[in-house]
Amino acid sequence: MRHQKKASWGHYDVCKSQVYAEDRLAWHYMACQPEATDMTKYLTVSLDPPNITCGDPPEMYCALENPYMCNNECDADTEELAHPPELMFDSEGRNPTTFWQSTSWKKYPKPLQVNITLSWNKTIELTDDIVLTFESGRPEQLVLEKSLDYGRTWQPYQFYASDCLDAFTMEPKAVHQLTPSTMLEIICTEAYSTGYVWKYDKTVRFEIKDRFALLAGPRLHNMASLYGQLDTTKNLRDFFTLTDLRIRLLRPATGATMVDENNLSRYFYAISDIKVQGRCKCNLHANSCVFDKGKLGCECEHNTTGPDCARCKRHYQGRAWSMGSYLPIPKGTANILFPGRGRNAMRVHLSFSLLPTARVCDNVLLRCQNGGVCHHHQRCQCLAGFGGVLCETAQCQGDSCEDLQSSQLSLHPLPVAQTLLLTLLSLIPSLLATRGLTSL
């Protein structure tokens, strides 16, 4: 299953395109990433404690705002009365609303606490707000956490409480109070923990777009600024990246300062919807992500491989792996990998040279020498007096050659890798001749 939904703030949807150079088609490579989509379609959910879902045994529930309205039954063995975890991720808009529900606070004063863990078994990048919609009153205390290592370690994303000082010894703060220099600060907010008086405001948010706006402007018009920061600041990239998300429900809505111990069926958690918008993390080396046999994986380009395109493809270790770059805007830099060393690498190098779409020059490994300019990665446009594949040969004789060389500020000895490549390129005519070919 491919991600098809259009990204709300994304670009870089093409990994390569064909361009005309020297009257022939050649490949031009660009940074690329999958489109954003609803990531809840690809997760697994687990609850701790595992028996926290209501209905086993059946139980009656009362409305928080009216302790005498106790006509809601939860029964795990009756489909229309059951509230299993998967109902947090089904289609919204049904009537009546479907939702997951916990057991009631029947063990008070022991805390009623639940961990809801969402796992993708894949690194993903968030592109929009995380939104939790509660069918019950919103919790008085909640922590949103994330993991970057498949649930082995956890870091807080945000704290939520009706009283941040009392619950977490933190001063309350809102995202709009952050600045570009503090946008990664972990805050506690009181904006989403009001009691049952606000029963029609059921959502709890983790504001991704408001943080983006600190760099890209209120309406995200200056995406170049955001992309530039993402490109150069690893902590910023990591902040919006995760493999797992954990919702820690620490205290249900009570609607009062005191818990009514005579009617504990009023207190529980119920969630009707969870929204997580994002994309597979492919390190800007893939524009599609496939969900196959219950697992997400990037369809890697640029001679990379692995679930996140984070490794060199076999025989393509000619340079160290690096992620693609958002810069320069708008197409970025692919940082494509090249063949490495050894007999197999020589065969790959030769096949690269024989293909019409081969990359002859770039600005990383195959630099044009002596002031030459790389043209569509297909040829070096040399200054007067120089020739060769990479403008490495001075076309002069005697003293005039020395004068010409001394006038070029960019004249440097060729790196070993380029010397090897030039040697290989020089062998092509003889190889073609042995194969009965005269030209490309």
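The values are calculated or read from the model by the stated rules, or taken from the named source; none is laboratory data. On a predicted model such as this, the values are computed, not experimentally measured, just so you know. All Cβ positions, glycine included, derive from the backbone under ideal geometry; neighbour counts span all protein chains shown. Ligands, DNA and RNA are excluded from the accessible area calculation, which covers all protein heavy atoms including side chains. Shrake-Rupley method; radii C 1.70, N 1.55, O 1.52, S 1.80 Å.
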Potential extension, Thr194-Lys293 segment - 0.36 nm per residue separation minus Cα distance: 31.4 nm
Peptide ranges 69-82, 321-334 listed from the most packed, as the mean C-beta count within 10 angstrom indicates: 321-334, 69-82
Förster radius 25 Å - calculated FRET efficiency between Thr182 and Leu327, Cβ distance, rounded to 0.05: 0.55
Above-threshold pairs, the threshold being 24 Å between Cα atoms, out of Lys41/Lys293; Lys41/Lys146; Lys202/Lys234; Lys16/Lys281; Lys209/Lys313: Lys202/Lys234; Lys209/Lys313
Semi-axes of the equivalent ellipsoid for the range 37-280, Cα gyration tensor, largest first, Å: 33, 20, 16
Accessible area of the range 37-280 belonging to carbon and sulfur atoms, whole % at 1.4 Å probe: 49 percent
Span from the the range 249-293 Cα centroid across to the the range 148-194 one, whole angstrom: 16 Å
Additional length obtainable on full extension of the chain from Thr44 to Leu25, 0.36 nm per residue less Cα span: 2.4 nm
Charged-residue dipole, Cβ positions (Lys, Arg, Asp, Glu), the range 80-158 about Cα centre, Debye nearest 20: 480 debye
